[in-house]
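Heads up, the thing below is written out as structure tokens.
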Amino acid sequence: MDTIIEREIMKINIIITCIMKLIIQPAISFSLYRRNHGGPAGPMRSLFFNCFYINASMGPQPHRFRQRSESGVVGVFSFFLFFLLQSTFIFSAQDDENFARGNHFFTTGRYALACDAYQNIENKGFAVLYNLGLSYLNQGNRSQAILWNKRAEKQANFKELTQLYDLYDCMHRQIDPDYELTWYEQCVLFLKKCVLSISMLLLQILLLFIIIVLMLYWYRRLLVLNKALFCMIFLYILLMSAWWYKTDMMQQQIGIVTKNTIFVFAGPDDSFYKKSELHESDEVMIVGCKPSYYKIHMQQVVGWIHDHDIELV
């Protein structure tokens, strides 16, 4: 693998050098002109001719300086582009290698080794996070499976969200075989997937567009009530609600309980009385923090827990 990477890096270096010679060098080259006989105009002409073309008796010296300066610029550009592309190539090659190793271990049933390979990937996308969740789930580690699937949820599109929520249903059915979503819960879940799969930038652009249209409508028609105005207002309220909901979802701090049983205290210390207890894979919302403690909210219960008892999504 190292030999293949070195060969590819050498090819990239040769390609970059050729590109620099063909594109950048002609772009910065100047024709050799005498003073007052054309040539580069403006500040570049003044800089070049006043500094390096003192008189015609200097002969080929300006030409030699031009060649050396061009070669230096080409070399500097080649070095920086080569360094950037080499780093990107190595990192992507390492990530691809770890992903391939993780997939191999996953398909052969060696889930612990698959988790180690996936964990070594720096830029974890949805596929890596989802496979990590499946690997932990196949090992019986439900809390880590939910943790990585929740992290994958923030990067998923509509199809990937459907895949994730189907996995959640299977996990619920393992605990409760009679688990089934009602029609109302299915509608809410569909709307949630629609909102989470929309890009924040697209929502902001649509909201700005509708605001501009409403301002123009008010300016031209002085708010004459008709169907078009009501439709625009309804669409604005709908998009504003989606934007607010997605912003709130992205800003929420969610924690997953990673221990068998933990206690919820009334204050940020063990000396306070125990209000409730949580179990492994329970999901809590973080609403505050103090040294070594998180303030959490779950099912009408607000209290404090140790920060080492949960992992943040």
Of the conditions (1) exposed (fewer than 12 other Cβ atoms within 10 Å of the Cβ); (2) assigned to a helix (DSSP H, G or I), ASP270 fails just one. Which one is it? (2)
Options GLY288, GLY267, GLY255, GLY303: the member that is within 26 Å of LYS193 (Cβ to Cβ) and either in contact with a Lys or Arg (Cβ under 8 Å, 6 or more places away or on another chain) or not charged (D, E, K, R) (or both): GLY255
Please go through (1) at pLDDT below 85; (2) exposed (fewer than 11 other Cβ atoms within 10 Å of the Cβ) for PHE234 and return the number of the only condition it doesn't satisfy. (1)
Tell me whether segment 203-210 contains one or more residues that are within 35 Å of the chain's Cα centre (by Cα), part of a loop (DSSP other than H, G, I, E, B) and loosely packed, with under 12 Cβ neighbours inside 10 Å. no
With the condition kept exactly as written, say whether any residue in segment 273-281 is assigned to a loop (DSSP other than H, G, I, E, B), surrounded by 14 or more Cβ atoms within 10 Å (Cβ to Cβ) and out of contact with any Asp or Glu (no Cβ under 9 Å at 6 or more places or on another chain). yes
LYS192 fails exactly one of (1) exposed (fewer than 13 other Cβ atoms within 10 Å of the Cβ); (2) in the same structural domain as ALA156 (by TED's automatic domain parsing), namely (1)
Restricting attention to segment 254-297, the residues that are without any contact (Cβ under 8 Å) to a residue 24 or more places away in the chain and under 22 Å from ILE175 (Cβ atoms) number exactly 4
Regarding LEU239, is this residue of a type outside the set (Val, Ile, Thr), touching a residue at least 24 places away in the same chain (Cβ under 8 Å) and part of a helix (DSSP H, G or I)? yes
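The values are calculated or read from the model by the stated rules, or taken from the named source; none is laboratory data. Note that the structure is predicted; figures quoted are calculated from it, not measured. Counting neighbours? That spans all protein chains shown, and the Cβs are built from the backbone with ideal geometry, glycine included.
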